[in-house]
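The values are calculated or read from the model by the stated rules, or taken from the named source; none is laboratory data. Note that this is a predicted model, so its numbers are computed, not measured. Glycine gets a Cβ as well: all are built from the backbone with ideal geometry, and neighbour counts include every protein chain shown. The accessibility values were calculated without ligands, DNA or RNA, using every heavy atom of the protein model including side chains. Shrake-Rupley method; radii C 1.70, N 1.55, O 1.52, S 1.80 Å.
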Amino acid sequence: MNLQDFVFYSLASVVVIAALGVITLRNPVHSALLLVLAFVTSSGLWLLLEAEFLAIVLILVYVGAVMVLFLFVVMMLDINLERMREGFWKWFPFGAVLALIMTGEIGMVLMSKQFGPENIQISAPKSADYSNTKELGQLLYTDYVYAFELSAVILLVAMIAAIAITLRYRTDKKSSNVSKQVTASREKRLKVISIPAERKE
């Protein structure tokens with residue numbers, strides 16, 4: 001066993017153990033921290049495959065943004081763990097059957113002839129000036145440019161929809177109306193009223 005195989009099996013073991021901890025631990029904070037560990041070690045596996053761009057994106061996007069957000073939400077929410085466990089045994093048979101089906105499907109795929117050792121082609125190591133980011137960018141903006149733009153539009157629509165759904169207008173709170181402020185004129189802002197003078201005795 002060479003150094004590369006040792007690093008691979010070490011990282012893969014950490015990923016499997018962390019993934020099992022995510023679904024078995026009862027504390028959601030500990031599960032979120034183990035998920036961060038699984039993401040970090042998965043980025044190490046991407047580095048072994050010479051996909052440094054995916055490794056960096058996995059750390060920056062998922063660990064640096066998404067998982068930190070999840071962790072803060074889990075820590076700020078007052079989660080009633082006893083209430084969450086009430087329906088565990090009720091749905092356990094369904095979950096067990098579903099897990100067995102998924103395990104069988106994964107086993108059928110991995111045991112097929114397409115995944116045999118003789119069909120796996122090991123790519124030659126790349127040179128030092130090879131850029132995985134450049135290759136991915138050229139492929140993304142040439143062959144898959146329409147799919148990339150379509151996914152960007154779908155994400156934009158989803159973001160606007162989320163903002164529109166969560167937006168609430170409160171009557172007990174004062175807020176500024178930007179459109180009225182922009183269209184305001186001098187006549188609307190200032191009103192001169194003639195008040196006759198009165199003499200008090």
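Going residue by residue through segment 161-183, is there one that turns out to be assigned to a helix (DSSP H, G or I), out of contact with any Ser or Thr (no Cβ under 7 Å at 6 or more places or on another chain) and surrounded by 10 or more Cβ atoms within 10 Å (Cβ to Cβ)? Within segment 161-183 (the criterion being assigned to a helix (DSSP H, G or I), out of contact with any Ser or Thr (no Cβ under 7 Å at 6 or more places or on another chain) and surrounded by 10 or more Cβ atoms within 10 Å (Cβ to Cβ)), the answer is yes, since at least one residue qualifies. Out of Gly44, Gly95, Gly21, one residue alone is open to solvent by less than 50 Å² (accessible area, probe 1.4 Å), farther than 30 Å from Pro125 by Cα, at pLDDT 90 or above and of a type in the set (Gly, Ala, Ser). It is Gly21. Restricting to segment 54-84, and then to whatever is at pLDDT 85 or above and touching a helix residue (DSSP H, G or I) at 6+ places or on another chain (Cβ under 9 Å), can you tell me which residue is farthest from Asn132 (Cα to Cα)? Out of the qualifying residues, it is Ile59. Here His30 meets each of (1) out of contact with any Gly (no Cβ under 9 Å at 6 or more places or on another chain); (2) part of a helix (DSSP H, G or I); (3) of a type outside the set (Gly, Ala, Ser) with one exception, condition (1).
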